[in-house]
Each structure stands twice: as structure tokens, then as C-alpha cells.
Amino acid sequence: MTDSATPSRPDLLDYEPEAALALLQAWMAERGEPGYRAGQVFGRLWQRPVGSFEAMSELPKALREALAQSFRVTSLELAARQRSADGTEKFLFRLHDGQFIETVAIPDGDRMTFCISSQAGCALQCAFCATGAMGFQRNLQPSEIAGQVRALRMLTPPIIPTNIVFMGMGEPLMNWKSVGPTLTLLNDPRALGIGARHITISTVGVLPGIVALSERPEQFRLAISIHAPSDALRKTLMPVNTKYPLADVIAAARAFDRRVTFEYVMLGGVNDQPEHAAQRAQLARECRAFVNLIPLHPGGSMGFTPTPAAVITAFAKALRTRGVETAVRRSRGLDIAAACGQLRTERLGRRAPVAPEIDGEVHVA
Ligand code: SAH
């Protein structure tokens, strides 16, 4: 690919709007081009996105060629697309160095939530997570994180998100260097223009990252994966608890100046007993946190069993009676292995195109 052959050309999609415009303006000025050309190019990055300079047909051909010699606009390569019977769609992208990442688009009434990836693989090895099992490959660039949203907007017909959750592959707060600028790209009206309250960062509780997020003036939302009400249990499920113990994570949640959501994946017989609900409620009350109970996605379950629906309902009730606002998440995309990490695992395990699922439809690009 020409893009990886000359990596020294800056990728315009890695820059926040201010910086991308400045870069383009300086470049145009140097060539004696009118200033409005910078805005024309910039408009084709996020708002009316195209896959290459070549496709910016409103620009003179020579200018398009010169731009392509100086800059890149990396488009993610769609490797597979799967649609679930419930409307959830899952996308597998191949990056320039052969890594694969996943994005899930989840329709719900008039909402369209994109679940995006921030790293290729993940270093955290949570016991029940398919991404954790594959290990860490590398951090993604802003062009590869916000680029997932761009790629779905470039489909025919386009898919436009109303909400973004960083709940795909990876730990976003261990890649703050890219996630910080990505948040700007997602939120800035000159780029993707998604309201900050509609963008949620999900983390295992990386403390310096929580501080960095709280220093942002925008109202981005924070979700923390708690999954256990005690250190002893949390350590067995989430090795990162040794580095960032529960008490410190709870303190960080309390210090965060906006309302926090606690994620709690329900693991049959492990963290779903009445005493867990009581401890859980205590922690949530301390931080005025909202609790999301997540049914275990069996595809990535690694020997765990999902908590029966009736037990989840009872657990939710036990939290609510103790004054904790609680929601039970619905599992989506069960028939297309939409639990994080699964599609990539299938691809790397078999190399062959993903086979059609019973209720699903598969397109391999
Ligand atoms: N690293 C971040 C974001 C990615 S995971 C974090 O851990 O929060 C997004 C959410 O999916 C986390 O709450 C994670 O614990 C949860 N998850 C992982 N595997 C799951 C599975 N098999 N079933 C249900 N939820 C799962």
C-alpha cells in the first residue's frame, strides 16, 4: 500500500480540527493556493468524507496529486461485515500493518450507538473477555479510532451514530495519547459533531486516565468496569486490580465531577449472590453511581456461565431497594458473536472468510 510505503507523510485524520486546518492553510499558502482550499480539503475529512484525495473531485487534479504527495488520509479497509437478526451490525477492519479491529453498530429506537475500539488487542486479560485472551498488539491512532466512525459514514447507505461507547477492543485510558484527540474529533462540530454527553469512555479504572478525562471541559461520560464488590474477587477477574485497587477506583469515581456509571458483568455463581448486591449497593451509593448490569456474552465467556435472567432481575431489585439507580443491559448481536474480540478471533483462527451464521448475513469485502 502506498500509505505504509511512505509513512513520513502526516495523516490529516490524526490531527484535531484546529491543527489540521493550520497544516493545510500553511501548505496552501506555500504553494500560492487560495486560502479557501484548506477548508475544502478539511470538509472532506469528516463531514462529507471521501476515501482519498483523488476522490475530492471539487479540487483541480494537479492539486489532488500534490496533496497526496504531502499527506495521507488513511481509510480503514473493511474485511468483513455481519448483520444480526436484531439489527446489530459488526464490522471487522484490517489496518495498514495487517492488524484487525472491530466496530459494532447497535440500533435502538431512534438511537444508533457505535461501540468502537481504541487498541488492537488488550493487555488487561480480564478473565471473561475474548479480547483479553488475544493479548495486546498496539495502540490505535486517532485516524484509526475516529476513522471507524468515518468508515461507517462512508458506506452506502451511510450509518450515522447518535452515541459512541468506547467498549470495543482495548482499554481507552491506556491510550490517552490518541483517545484525547479522538474525543475532540468525535465532538467538534467541524469534525464528527457528536454531543459530549453522547460519548462514553469505558475503563477498568486507569487512574491517571480518569484524571485526564476529568480535566477536559466537555461533558464526556465515564463508565467504570467494576465487576466485583471486593478486592479479593475483583483480583481474580481483573488482574489490573493489583495496580489499581478497588478502593482507589471508587475514590476516583467519587472525585469525578460528573455522574459515573458502574459496569457489572453478571457471572453465574461468581459475583451474582445477594451479599454481592449488598456490597455493590454500598459502593455505588458512596459515589452516587448509576449501575449497569451486563448479561455475560457467552461467546467470550471463557468457562463462565451467564447468570439466569431471574437472578439478574433479583440482583437489580436488591440494588434499587438500596437506593441505587440500576439498568439491566440487553445482550445484542448474540448470533454474530458481537462480544468484543470475537470476530477478530474467528478471523485469525481460521484465516478464511467468516461463515454465515444461522440468523445472520455475512458480507466479506
Ligand atoms: N477496557 C474497557 C473497555 C472495553 S470492554 C473496559 O474494560 O471497560 C467494554 C465492556 O465489556 C467492559 O465492561 C467489559 O468488562 C465488558 N465485557 C468484556 N467481555 C464481556 C463478555 N464476554 N460479556 C459481557 N461483557 C463483557
Check: Are any residues in segment 306-318 open to solvent by 80 Å² or more (accessible area, probe 1.4 Å) and either closer than 15 Å to SER225 by Cβ or polar (S, T, N, Q) (or both), and if so, which ones?
Finding: THR313
Item checked: ALA191 away from the ligand (no atom under 12 Å from the Cβ), open to solvent by less than 10 Å² (accessible area, probe 1.4 Å) and assigned to a loop (DSSP other than H, G, I, E, B) -> yes
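Residues are listed down the side, and each one gets a yes or a no for (1) in a strand (DSSP E or B); (2) not small (Gly, Ala, Ser):
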| site | (1), (2) |
| --- | --- |
| HIS227 | no, yes |
| ALA232 | no, no |
| THR236 | no, yes |
| ALA247 | no, no |
| ALA251 | no, no |
| ASP257 | no, yes |
| TYR264 | yes, yes |
| GLY269 | no, no |
| GLU275 | no, yes |
Next item on the list: Please give the strands (runs of 3 or more DSSP E) falling wholly within segment 68-172 in which 3 or more residues are buried (at least 18 other Cβ atoms within 10 Å of the Cβ) and within 14 Å of the ligand (Cβ to nearest atom).
Entry: 100-108, 111-115, 119-121, 163-166
Next item on the list: Could you list, in sequence order, all residues of segment 196-231 that are open to solvent by 40 Å² or more (accessible area, probe 1.4 Å) and under 18 Å from GLN125 (Cβ atoms)?
Entry: ASP231
Next item on the list: Name, by its number, the condition in (1) open to solvent by less than 10 Å² (accessible area, probe 1.4 Å); (2) in contact with a Leu (Cβ under 7 Å, 6 or more places away or on another chain) that does not hold for VAL249.
Entry: (2)
Margin query: Please go through (1) buried (at least 19 other Cβ atoms within 10 Å of the Cβ); (2) at pLDDT below 95; (3) closer than 17 Å to PHE128 by Cβ for ARG347 and return the number of the only condition it doesn't satisfy.
Written below: (3)
Note to self: Against the condition closer than 23 Å to LEU186 by Cα, among the hydrophobic types (A, V, I, L, M, F, W, C) and open to solvent by 40 Å² or more (accessible area, probe 1.4 Å), how does ALA22 come out, does it pass?
What the structure shows: yes
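Yes or no, residue by residue, for (1) touching a residue at least 12 places away in the same chain (Cβ under 8 Å); (2) over 19 Å from TRP176 (Cα atoms); (3) not basic (Lys, Arg):
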residue: PHE128; (1), (2), (3): yes, yes, yes
residue: ALA133; (1), (2), (3): yes, yes, yes
residue: GLN137; (1), (2), (3): yes, no, yes
residue: SER143; (1), (2), (3): yes, no, yes
residue: ALA146; (1), (2), (3): yes, no, yes
residue: VAL149; (1), (2), (3): yes, no, yes
residue: ARG153; (1), (2), (3): yes, yes, no
residue: THR156; (1), (2), (3): no, yes, yes
Next item on the list: Could you list, in sequence order, all residues of segment 256-303 that are out of contact with any Pro (no Cβ under 7 Å at 6 or more places or on another chain), within 10 Å of the ligand (Cβ to nearest atom) and open to solvent by 50 Å² or more (accessible area, probe 1.4 Å)?
Entry: GLY299, MET302
Notebook entry, point to check: Any residue in segment 321-341 that is at pLDDT 75 or above, of a type outside the set (Lys, Arg), assigned to a helix (DSSP H, G or I) and away from the ligand (no atom under 16 Å from the Cβ)?
Noted result: yes
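The values are calculated or read from the model by the stated rules, or taken from the named source; none is laboratory data. Just so we're clear, the structure is a prediction, and the values are computed from it rather than from any experiment. Ideal geometry is used to build each Cβ from the backbone, glycine not excepted, and the neighbour counts take in all protein chains shown. Note: accessible area is taken over every heavy atom of the protein model, side chains too, but ligands, DNA and RNA are not part of it. Shrake-Rupley method; radii C 1.70, N 1.55, O 1.52, S 1.80 Å.
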